[in-house]
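In what follows, a structure is listed as structure tokens, so that the remarks can point back to it.
The values are calculated or read from the model by the stated rules, or taken from the named source; none is laboratory data. Computed from a predicted model, the values in this text were never measured in an experiment. Quick reminder, even Gly has a Cβ in these numbers, built from the backbone with ideal geometry, and neighbours come from all protein chains shown. Surface areas here come from the heavy atoms of the whole protein model, side chains and all, with no ligands, DNA or RNA. Shrake-Rupley method; radii C 1.70, N 1.55, O 1.52, S 1.80 Å.
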Amino acid sequence: MPTRTGRPPRISRAEIVTAAHRVIEEDGVSGLTMRRLAREVGSTPMALYHHVRDKEELLLLLLDDYAAGIPRPELPEEPGERLVAAALAMRDALSGCPWTVDVLRADDLLSVGALWYPERIIDAAVRAGLTIEAAVDAYRIIWHYTAGEIGGRAAAGRRRAEGGTTYRERVFAELDAGEFPRLAEVGARWVELTARDTYEQGLRALAKGLLR
């Protein structure tokens, strides 16, 4: 491949955002650096700084870009169902871009556009009779449950995509029934059973307890 000479090509902020999405999909959030991104767009790190101040501003752009394209569903009026529907919508939105969970878990960066979800969940909890403080607690409990579920599924999906039998599968296939009778009964079905989507079931249990 010939070496590029002369001035680097002009790039737009939209091109930078698109390229950053690709880098994160390939290398994760930790792999997104200005140098890596510059290679992706065929430019220089210095040229990127004309568009974004640093990695933090870049991540904010990515969050806003993703949030802008997420549809907002109509929610039922009954408070409990409203909370569940809003949380399900939040899970679906985040599942479409799992890396956002890693960023949001740090409790620093966020997209204002995505605040639609906590606003609706907290509002539903208040409608159900909780104080605003208790409603925020309820949202945080649901958020941690949701983030953990998405992160776990994403990690398991990456591992299964590698193929082959996992260490966990081998362990469960050879469990001592005398020491672990219930787990040995499940045995080789452990992966199948734990891969089932139980998010809504767990969410409804949480909502029932929190709004009681």
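Counting only protein heavy atoms and using a 1.4 Å probe, what share of the accessible area of the chain belongs to carbon plus sulfur, as a whole percent? Working shown, then result.
Values: 6950 of 13110 Å².
Of all accessible area on the chain, carbon and sulfur atoms account for 53 percent.
Over the chain, what is the relative contact order in whole percent, taking alpha-carbon pairs under 8 Å and six or more residues apart?
Working: 165 pairs, mean separation 37.0, N = 212.
Value for the chain: 17 percent.
Please build a GNM for the chain, connecting alpha carbons under 10 Å apart, and tell me which residue among Glu40, Glu162, Glu77 fluctuates the most.
Glu162
With the chain treated as a Gaussian network of Cα nodes joined by springs under 10 Å, which of Glu81, Glu179, Glu56 yields the largest mean-square fluctuation?
With Cα springs under 10 Å in the chain, the top fluctuation among Glu81, Glu179, Glu56 is at Glu179.
Let me check against my output: what whole-number percent is the relative contact order of region 165-212, with C-alpha pairs under 8 Å and at least 6 apart? Walk me through the numbers on the way to the answer.
Working: 20 pairs, mean separation 12.8, N = 48.
Across region 165-212, relative contact order equals 27 percent.
Give me the Kirkwood hydrodynamic radius of region 154-212, using the inverse of the mean 1/r over all pairs of distinct Cα atoms, in Å to one decimal. Don't skip to the end; give the middle numbers.
Working: mean 1/r = 0.0731 Å⁻¹.
Final number for the Kirkwood radius of region 154-212 is 13.7 Å.
For Cα extents along the principal axes in Å, which listed value, [x] 51, 45, 28; [y] 60, 39, 31; [z] 70, 50, 25, comes from the coordinates shown?
Correct label, based on the coordinates given: [z].
List the residues, sorted by chain then number, that are 5 or more residues from Gly42 or on another chain and whose placed amide H is less than 5 Å from its amide H.
Sorted by chain and number, the residues that satisfy this come to none at all.
Each label point is 7 Å from the Cα along the Cα-to-Cβ direction; what then is the distance between the points at Ala177 and Glu74, in nm?
Modelled inter-label distance: 5.5 nm.
What are the ³J(HN,Hα) couplings of region 44-55, residue after residue, when phi is run through the Karplus curve with 6.51, -1.76, 1.60 and θ = phi - 60°? Round to Hz, x for glycine and proline.
Result, rounded to whole Hz: 10, x, 4, 5, 5, 5, 6, 10, 9, 6, 6, 5.
Take the chain, connect every pair of alpha-carbon atoms lying under 10 Å apart with a spring to form a Gaussian network, then pick out the residue of Trp116, Trp99, Trp143 with the largest mean-square fluctuation.
Judging by the Gaussian network model, the answer is Trp116.
Accessible area per residue of the chain at 1.4 Å probe, in Å²?
Details: 13110 Å² over 212 residues.
Dividing the accessible area of the chain by its residue count gives 62 Å².
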